[in-house]
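Just below is one structure, and these are the notes that go with it.
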Amino acid sequence: VKQRIKIFIFAVLFSLLVVPVINIASTPFEVIKTTKNWKKRTFLYNLDFASRWLAMVMLPLGISVDPKQVVVGTHGWLYYGDFYDKSLSAARLPANLEDKKTIEQISSAMVAWDAYLKSKGVKEFKVLIGPDKHNVYPEYLPRWAKPVLPSITDDFYNGAASDIYVDARGSMQSAKAAHPNTLLYYKTDSHWNFYGASVAFHALGNALAKNAPELNWPKNILNEVMETIP
């Protein structure tokens with residue numbers, strides 16, 4: 001028992017010495033010399049480097065060191081965990097009564113905004129909602145994290161404001177099928193890339209053109225976007 005206590009104490013003391021050395025060696029001098037960082041010395045025992053090393057080992061095994069933040073998919077794909085508005089659980093479960101009540105409230109608000117803006121002379125009011133990454137690329141999710149169908153998103157688009165919302169999922173899926181080697185989202189990020197944003201923008205333009213065909217987009221923006229869309 002005494003031997004184990006000695007080993008434990010030695011390990012703790014060794015860590016107290018090594019961790020600051022690693023942080024000082026890996027932190028740029030410009031950061032170290034700032035008054036805030038040096039006086040507080042909060043960076044000396046920062047263990048982010050250990051988490052990074054552990055993640056590098058676990059990632060190829062499909063294991064996340066912080067599953068609430070990040071869920072590890074296949075082929076190097078990463079997805080948000082439940083830390084961000086419980087987005088993962090929301091995708092895996094159908095809409096409950098509380099969800100449906102929230103959807104009705106949002107839809108009512110959008111309908112009210114549409115009526116108000118049109119009373120002020122606004123011809124078209126549309127809301128473009130960016131599809132979640134897991135809706136466009138569900139095939140790279142772990143099997144247990146596959147989104148349920150119909151989803152909360154489906155209920156949302158089928159609400160009272162269905163003609164106001166622009167559902168870009170179809171456009172995304174079409175672009176994905178037409179150009180399977182051109183990604184619409186970053187593999188290790190939750191955001192769509194320039195190509196994905198262009199496809200969604202094109203969907204918005206098409207929705208607006210139905211009732212406002214005379215609408216002219218700034219040519220420099222339109223040309224840049226159109227070059228990326230099949």
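The values are calculated or read from the model by the stated rules, or taken from the named source; none is laboratory data. Fair warning: this is a prediction, and the values are worked out from it, not measured in the lab. Because the Cβ atoms are built from the backbone with ideal geometry, glycine has one as well, and the counts that use them run over all protein chains shown. Keep in mind that these areas ignore ligands, DNA and RNA; they rest on the heavy atoms of the full protein, side chains included. Shrake-Rupley method; radii C 1.70, N 1.55, O 1.52, S 1.80 Å.
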Q: Determine ³J(HN,Hα), in whole Hz, for all residues of region 200-207 in sequence, where each value follows from phi through the Karplus function 6.51 cos²θ - 1.76 cosθ + 1.60 and θ = phi - 60°; x replaces Gly and Pro.
A: 5, 4, 5, 5, 5, x, 5, 5
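May I ask for the net charge around LYS86, where only other residues with Cβ less than 13 Å from the Cβ of LYS86 are counted and Lys, Arg are +1 while Asp, Glu are -1?
On the way: positive: LYS68, ARG92; negative: ASP82, ASP85, GLU98, ASP99, ASP132.
Result for the neighbourhood of LYS86: -3.
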Q) Which value in nm describes the separation of the simple spin-label points at TYR84 and ALA160, placed 7 Å from the Cα toward the beta carbon? A) 3.1 nm
Q) Can you list residues whose amide H is under 5 Å from TYR80's amide H, if they're 5+ apart or on another chain and H is modeled 1.01 Å from N? A) VAL71
Q) Per the Kirkwood treatment, what hydrodynamic radius in Å, one decimal, follows for region 90-153 from the mean inverse distance over all distinct Cα pairs? A) 14.1 Å
Q: Using label points projected 7 Å from each Cα along Cα→Cβ, tell me how many nm separate VAL18 and ALA109, to one decimal.
A: 5.2 nm
Q. Taking a ≥ b ≥ c as the square roots of the eigenvalues of the Cα gyration tensor of region 72-230, is the shape rounded (a/c under 1.5), prolate (a/b larger than b/c) or oblate?
A. oblate
Q. Applying 1/(1 + (r/R0)^6) with R0 = 41 Å to the Cβ-Cβ distance of GLU139 and LEU117, what FRET efficiency is obtained, to the nearest 0.05?
A. 0.55
Q. According to a simple spin-label model (label point 7 Å from Cα along Cα-to-Cβ), what is the distance in nm between HIS191 and ALA209?
A. 2.7 nm
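Which percent of the accessible heavy-atom area of region 67-172 goes to carbon and sulfur, probe 1.4 angstrom?
C and S fraction of accessible area: 57 percent.
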Q.
How charged is the neighbourhood of PRO138? Take every other residue with its Cβ under 13 Å from the Cβ of PRO138, and add Lys/Arg as +1 and Asp/Glu as -1.
A. +4
Q. Any idea what the relative contact order of region 150-218 is, in percent, if you count C-alpha pairs under 8 Å spaced at least 6 apart?
A. 26 percent
